[in-house]
1. May I ask what percent, to the nearest 5, of DSSP beta bridges between residues of segment 132-202 are antiparallel?
2. Just report the Cα centroid separation between segment 173-231 and segment 370-386, whole Å.
3. Express in nm, to one decimal, how much length is gained between residue 319 and residue 19 on full extension, taking 0.36 nm for each residue of separation and deducting their alpha carbon distance.
4. Kindly express, to the nearest 10 degrees and within the range 0 to 90, the angle between helix 157-166's C-alpha long axis and the longest C-alpha principal axis of the chain.
5. Express the carbon and sulfur contribution to the solvent-accessible surface of the chain as a percent, rounded to the nearest whole number, probe 1.4 angstrom.
6. In degrees between 0 and 90, to the nearest 10, how far off the longest principal axis of the chain does helix 236-247 point, with axes built from Cα atoms?
7. Residue separation times 0.36 nm, minus the C-alpha to C-alpha distance between residue 339 and residue 371: what's the value?
8. Taking the Cα centre of each part, how many Å lie between segment 129-161 and segment 66-99?
Amino acid sequence: MSNFKNAETALIHGGISIDERTGAVNVPIYQTSTYKQDGLGKMRGYEYSRTGNPTREALEALIAELEGGVAGFAFGSGMAAITAVLSLLHSGDRVLISSNVYGGTFRLLSRVFDHFDFTYTIADTEHPDVYESQITDDVKAVIIESPANPLMTVTDISAIAEVSHRHGLLVIVDNTFMTPYLQKPLELGADIVVHSATKYLGGHSDVVSGLAVVSTKELAEKIAFIQNSTGGVLGPFDSFLLIRGIKTLAVRMDRHVYNAEKIAEFLSKHKAVKNVYYPGLSGSQGYETNRRQAKNGGAMISFELHENYDINSFFESLELVSLAESLGGVESLVCHPATMTHASIPADIRKKVGITDGLIRLSVGIENIEDILVDIEQAIAKSERK
Ligand SMILES: *Cc1c(COP(=O)(O)O)cnc(C)c1O
């Protein structure tokens, strides 16, 4: 593995970045399911594409290098990556999850894994002391997101990893919102990083994919076995798209964050806005912790309008920014967590963790900042109840 010191270079040249045979500067799309064997037991390194495919392998080597892990694994979606990682656990085990965990992760635990008597507890990862008291004998792992969707709650990853390791837990961090360009959970003590690469890593809203990176050889062997056994692998063409997206991550992310900081500033001063949730805004929850563990606050912002603004009319009045699920693409998107991304979380739990019906989540794109601001401003103006 190459191990370039600077992130911008590693994104482009890291892992396996060229084709050794022809010198092509891009890894070819090996669109094949199987490989000819030269005799019984004489394989050229590949036997079947669920087990291994050169295009997928290039992506897996790249993400492992970017996250500073031992091995990477590519899956057909973020949920497939999380499912594979959680398959390390057994019946009778319990996993702790941050209160604002991604809705799909919550649904997987509460409605699929619960069939196997493998359960979860919503834990207070924002307060390491309280968190420690929630670790019972059956707890074997914790899933952290920082910042966590949609209130951009920051968890001190090193502190939680330290407490968790004292109790022998596996520390899993979903790094989708930050990407390795802004935050490296393995360096902060995590054992496994997972991604919905559908978001910033792909970056163009054109591929659904997931990645996992592990910190030890032992975990690498286990995940490789699970990946091959459960089969949720990423195809060669999608692997190629993801490699292509990752090459521009640094320039995209710099612009995403530049725009997000301007928008958070604007919203925080706007009379129509009740609350702004953005870890890059000084004075926000977790601002200091986030600054210690990440390069900046990222580009996801949530906010609430005052009661005299109609949020449905806000969504309908937006012209540039689209109302859509997902995030992390070049285009700005808004969503309504209560009915969209977090709808699978029961209303009482939603309310308890602060996901109100007035909450709006904005994935800041890389369009011209003035154009985004003008659009948000006119939509807010139109949504005021007269
Ligand atoms: C989207 C998302 C997922 C799920 O990923 P898919 O690619 O949609 O399966 C998991 N975690 C977070 C934080 C996400 O935003």
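The values are calculated or read from the model by the stated rules, or taken from the named source; none is laboratory data. These numbers were taken from a predicted model, which means no experiment stands behind them. For neighbour counting, all protein chains shown are included, and Cβ atoms are generated from backbone atoms with ideal geometry for every residue, glycine included. Heavy atoms of the whole protein, side chains included, go into the accessibility calculation; ligands, DNA and RNA do not. Shrake-Rupley method; radii C 1.70, N 1.55, O 1.52, S 1.80 Å.
1. 10
2. Between the Cα centres of segment 173-231 and segment 370-386 lies a distance of 37 Å.
3. On the way: separation 300, 0.36 × 300 = 108.00 nm, distance 4.33 nm.
Result: 103.7 nm gained on full extension.
4. Roughly 60 degrees between the two axes.
5. Details: 8670 of 16640 Å².
Here it works out to 52 percent.
6. 60
7. Numbers: separation 32, 0.36 × 32 = 11.52 nm, distance 2.71 nm.
Residue separation times 0.36 nm, minus the Cα-Cα distance, leaves 8.8 nm.
8. 15
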